Structure formats: structure tokens, C-alpha cells
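**Q** Encoded as C-alpha cells, here's the structure I'll be asking about.
The values are calculated or read from the model by the stated rules, or taken from the named source; none is laboratory data. This one's a predicted model, so the numbers in the text were calculated from it and none came from an experiment. With ideal geometry, Cβ positions are generated from the backbone for all residues, glycine too; neighbour counts draw on all protein chains shown.
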Amino acid sequence: MAHIIAIANQKGGVGKTTTAINLAACIAASGKRTLLVDCDPQGNATSGLGIDKNSLTRTIYDLLLENALFDETVISTEIEHLDCLPATVSLIGAEVELVNEADRHDRLRKQIVPALEKYEYCIIDAPPSLGLLTVNVLCAAREIIVPLQCEYFALEGVSLLMRTIAEVKKSLNPALEIRGVLLTLYDGRTNLARQVADEVRSHFPGKVFSTVIPRSVRLSEAPSFGKPIILYDFRSSGSQAYISLCQEVLDGNPETTGAGTGIGSADSNPIVHDSSKSGSVADAVIGDATVNGS
């Protein structure tokens, strides 16, 4: 059974989609068959992988409304082992069209779980809201990663998300667990970022990944080129951070000791799966990776 991990926070601008794209890409680059499900009507995870939304004839909207099959909707990407269920703005209409359906909360799970036998990981980019689409994501997922930006009001609105998660776990998906909180947009040069990081760790003891995602120009640029950061600029701090996060996810529960970013030094080639080290991310080459330098 695939590990199904949702990236969720109803607050925009926290690095949710950036995390979904880059975590999925790193897991796939480690040699594990991975599916990225774009459940955000903005479709940024789709375009961030270089998929032309205007060329799509089937999207996750059609899958949710049972107008298309999984195999008619899923798209391969330029990264080996990574597929995508794409989204466009049409997904906005799904909430209205599903509202009177008896299985409205469970449609996503019913449509994707039977198809996940060929995948090891499924990463879902949730919409920045707490509507029916997000409930579908929470019903389908087994684990949740919550990105929080290291800025003022970082915890604003998180209590509502946590209540929603608790209610879904109680009533609809007993297997749902919070995998970890991910600190994003971190600038270690500022006192504010360090203070916010400390506050988040105090608020979620034992649930914060040791990796933090830095504020990075390269991370901001990569989606406009339709590439995850490991292809756009492997040596960048953002790339190394997501490789580190990937390692934490593959290894198991988040490490919660220490305050380091977990960013290691970069080799000249992207770091992917080494079959001699089970579950590790190490020492192989993504053949078509573009390395632009730091």
C-alpha cells in the first residue's frame, strides 16, 4: 500500500505547493514510484512540473466527477518514477457538483486508492481552504505534513486546521495522523525567524521536522521554468533542504532534536536512491538534471 501524504494548510503563501512538488520529486528521484495529486484549483503543482494546463483533456476534476478513469487522467513527468494527476481552475466546480452526492467526502479516496498499487508514495497538494476538496484530501490521506512559514502570525489559523483534522479522524478517517510540521521561508539572519521557529517547536513538541526550508530565490524561480528545484538548481540551499526533508520522510518519523536545517553539502550531481542503502537518498545521478550553479 502506498504511503499517502497530504501537504495541507488553509493559509496561502506558506510553501505548501512548493513542498508538494519538491518532496514528490525528491522521493521519485530516490527510486520510489511516486504520484503527485494536484487538488488545488490553482493548478500550480501541475504547472510547476512543466505540464501545460491548456493542453489537458482530462484532469482530476473529471476523475472526481467519475467522467474519466485514473489511467486516462494521470500524466508522466520528466522525472523518472514521478506521475501527476493534474488540476486546472475547473476543479473549483467540483465542490458545487459533489455537494449533494452521498459519497461527497470520500470521492477522492475511492478514485485514487485502487490505482495506487503501482506506487510507493502518493503526495497530495491540498487546496488553501477548508472546504469539501480539503475534506476529500484528508479522507484519502494517511498522513499530513503542515508547512508553516517562519513569519509573524505563523500559527494563525492552524488551530482551525487541527480541529478539522481531528474531526475527520474521528468521523471519517481513523487512520489519519499528523506526520510533522515543516518550517518554511526560514531566514536564519533574522531574530524573528528564529523566534518563530522556537515558538512552533514549543507549540508542536515532537512533531517538527529537523529540516527547515530556507527562503530562497531559486525555489521561487523554479516553478516558472516548470521544474522542481533538484532539476532547476541542484546545488542551491532549497534543493538540499528538500533532499534532507525527503530523507526524513523516507527514514520515518521527523527528527525533533536540534535546530539545524539538515542541509548537507552538495555533490556535483543530484542525490538519488542508492540501492545498496535501503531507504536512503545517496550518490546516484538523475541523468537529465539541469544544474545551473548557485
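**Q** May I ask you to verify whether Leu160 is at pLDDT 95 or above and closer than 30 Å to Ala102 by Cα?
**A** Criteria not met by Leu160.
**Q** Search the stretch 164-202 for residues being surrounded by 15 or more Cβ atoms within 10 Å (Cβ to Cβ) and among the β-branched types (Val, Ile, Thr), and hand back the single one that is farthest from Cys122 (Cα to Cα).
**A** Only one residue fits best here, namely Val196.
**Q** Return the total of residues in the stretch 140-163 being in a helix (DSSP H, G or I) and more than 19 Å from the chain's Cα centre (by Cα).
**A** 3
**Q** Looking for something of a type in the set (Gly, Ala, Ser) and under 26 Å from Ala2 (Cβ atoms) - is there at least one such residue anywhere in the stretch 149-172?
**A** Taking the stretch 149-172 first, the residues of a type in the set (Gly, Ala, Ser) are 154, 157, 159, 166, 171.
After this cut, where a residue has to be under 26 Å from Ala2 (Cβ atoms) as well, the list is 166, 171.
There is at least one residue in the stretch 149-172 that is of a type in the set (Gly, Ala, Ser) and under 26 Å from Ala2 (Cβ atoms).
**Q** Going by the structure shown, is Leu116 surrounded by fewer than 18 Cβ atoms within 10 Å (Cβ to Cβ) and assigned to a helix (DSSP H, G or I)?
**A** So Leu116 does not fit the description; no.
**Q** Let me ask something additional. Take the residues of the stretch 93-108 that are crowded, with 16+ Cβ neighbours inside 10 Å and over 17 Å from the mean Cα position of the chain (by Cα): which is modelled with the lowest pLDDT?
**A** Among them, the one singled out is Glu95.
**Q** In the set Ser210, Ser224, Ser171, which member is under 29 Å from Ala140 (Cα atoms) and without any contact (Cβ under 8 Å) to a residue 12 or more places away in the chain?
**A** Ser171
**Q** Are there helices (runs of 4 or more DSSP H) fully within the stretch 23-92 with at least 1 residues that are among the small types (Gly, Ala, Ser) and within 19 Å of Ile145 (Cα to Cα)? List them.
**A** 44-47
**Q** Somewhere in the stretch 234-249, is a residue assigned to a strand (DSSP E or B), within 19 Å of the chain's Cα centre (by Cα), at pLDDT 95 or above and crowded, with 22+ Cβ neighbours inside 10 Å?
**A** no
**Q** Among the residues of the stretch 17-57, what is the count of those that are surrounded by fewer than 24 Cβ atoms within 10 Å (Cβ to Cβ), touching a Lys or Arg at 6+ places or on another chain (Cβ under 7 Å) and within 19 Å of Leu133 (Cα to Cα)?
**A** Number of matching residues: 1.
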